[in-house]
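The values are calculated or read from the model by the stated rules, or taken from the named source; none is laboratory data. Note that the coordinates shown come from a computational prediction; the quantities given were computed from them, not determined experimentally. Reconstructed Cβ throughout: ideal geometry from the backbone, glycine too, with neighbour counts over all protein chains shown. In case anyone asks, the SASA skips ligands and DNA or RNA and just uses the protein heavy atoms, side chains included. Shrake-Rupley method; radii C 1.70, N 1.55, O 1.52, S 1.80 Å.
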Amino acid sequence: MARITFTGHLRRHLDCPDMDAPGATVGEVLTAVFTANPQIRSYVLDDQGRVRKHVNLFVNGAPVTDRDFLSDPVAEGDEIYVLQALSGG
Amino acid sequence: MPQIHVASRKGLFTLDPEDDEGRITSHVFTGDPVTAVLHDPRDGSLYAALNLGHFGVKLHRSDDGGANWQEIAAPAHEEEKDKPPPDPMSGDWPPKKEGPSVEMIWTLVPGGTDQPGTIWAGTIPGGLFVSRDKGESWALNESLWNQPSRPHWFGGGYDSAGIHSVLVDPRNSARIVIGVSCAGAWISEDGGASWESGTGMRNAYMPPDKAYEPVAQDPHRLAQCLDAPEIVWCQHHNGIFRSTDGARTFTEIEAEAPSLFGFAVAAHPHDPETAWFIPAVKDEFRYAVDARMAAMRTSDGGQSFEVFTQGLPQQNCFDLVYRQALDVDGAGERLVMGSTTGNLWLGEAGGTSWRQVQAYLPPIYQVAFAPED
């Protein structure tokens, strides 16, 4: 299981508490998360399943390198953070 | 008088125009960009398209006049899954997917009165989507998406081409006209199964031999006369055009005007000779001509324009009215327009006299009269 935490800014739109999810890659963990809470998917990924341009994923503090296929490895007990770069105007 | 919906950079406002103070009766999605609003005259449903930036395009619907909203499915492209899994040892790391993703819902339009629940969505990048179930699910119009000319479509102000106008013929719901910046006007006679380009528009900034190329055109907005939908008006980047055959061919309007550049157009719902435009300084400057706000109207099919300034600021005005930010009521008597500077004006007596309803709204993307009872 990996621990996944969502930015508080996402919680303005969705109910997305921290959760534990299985998977050996970022994509597998996210798939498990989306199975439990399908509405989150389109907020984090675009139509093609890529990480949205202004969303960042970190595994144990390191940004994921494969933002399109989500193949970065995840180990038992890893912490995944879903964050975003704030902008506006 | 029906209420007015204002889709803005900072949420969706609804106002009561009868109120002298322009009282805002509702403000929802506060702080979020609302790129399109639809108040469906067939069943009263309200739709609001959001562009959350970080978190993408979202669509919400209210079935109780705006008191409560629920997120529904947003138009989306199918995920392309034909690529092999990535190999971290290859030289192409990180791997890239090329498929499209909806970046903005630019317009939401109801289908015909004989198509309850049908909604059309024009999007960036250049996809036309249709829902048959009030936005619970969406399908991409494949015929348009797969046009052989699509590689030649290009963005006009955005990175990719976008569909900002969808006109459904009130007499025949299968007849649909769309406007694309930049890929011209397209007509379907069979509900979207097949498409043909409109001709006759001219783009002066293209090379001379490409000036009349149908897919090189940048119509900023199309509008049809509801009682005579063969009349289609076009505010184009390069000028104003009019079609009398349902957008199959356009004729350039060359009447004297403060400017033939602008973004918005409203067609009179009953009089095919009448339409309104909001002139602006071209090309990249985009503000009121001579910093004086004006609306202009033709009542003779584009032979001439009247210019109306009463009630509009006549100095230091750098407002621009976007494509969907001008609307006319069902009688063709009252107009509303909103600007990039957050001004909202109501035009009375066919747009001959205006009054400011709001002055400090966020940048306005769309205004729309609510359906009349």
Shape category assigned to segment A:2-84 from the gyration tensor of Cα positions, a/c cut at 1.5: rounded
Order by protection proxy (mean Cβ within 10 Å, highest first), peptides B:271-278, B:365-372, B:155-162: B:271-278, B:365-372, B:155-162
Global geometry of the protein assembly as shown, whether rounded, prolate or oblate, following the gyration tensor of its Cα atoms and the 1.5 cut on a/c: prolate
Accessible-area composition of the protein assembly as shown, carbon plus sulfur, in percent [1.4 Å probe]: 49
Where B meets A: accessible area buried, both sides, 1.4 Å probe, Å²: 2300
Burial of 40 Å² or greater, segment A:61-87 residues [accessible area, probe 1.4 Å, versus chain by itself]: A:T65, A:D68, A:F69
Per-residue average of Cβ from other chains inside 10 Å of B:53-66: 4
Accessible area of chain B divided out per residue, in Å², using a probe of 1.4 angstrom: 40
Chain B: relative contact order in percent, alpha carbon pairs under 8 Å with at least 6 residues between: 12
Between segment B:21-36 and segment B:171-208, the alpha-carbon center distance in angstrom: 32
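Can you give me the accessible area per residue for chain A, using a 1.4 Å probe, in Å²?
For chain A, the per-residue accessible area is 47 Å².
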For segment B:189-228: rounded, prolate or oblate by the Cα gyration tensor [a/c cutoff 1.5]: oblate
Phi to ³J(HN,Hα) by Karplus 6.51 cos²θ - 1.76 cosθ + 1.60 over segment B:196-201, Hz, x for Gly, Pro: 9, 7, x, 10, x, 7
Degrees separating the helix A:26-36 axis from the principal Cα axis of chain A, which is the longest one: 70
Segment B:1-46, relative contact order [Cα under 8 Å, separation at least 6], %: 34
In Hz, Karplus ³J(HN,Hα) per residue of segment B:363-369 (6.51, -1.76, 1.60; θ = phi - 60°; x = Gly, Pro): x, 9, 9, 8, 10, 7, 5
Segment B:1-70 - Kirkwood radius from inverse mean 1/r over Cα pairs (Å): 12.4
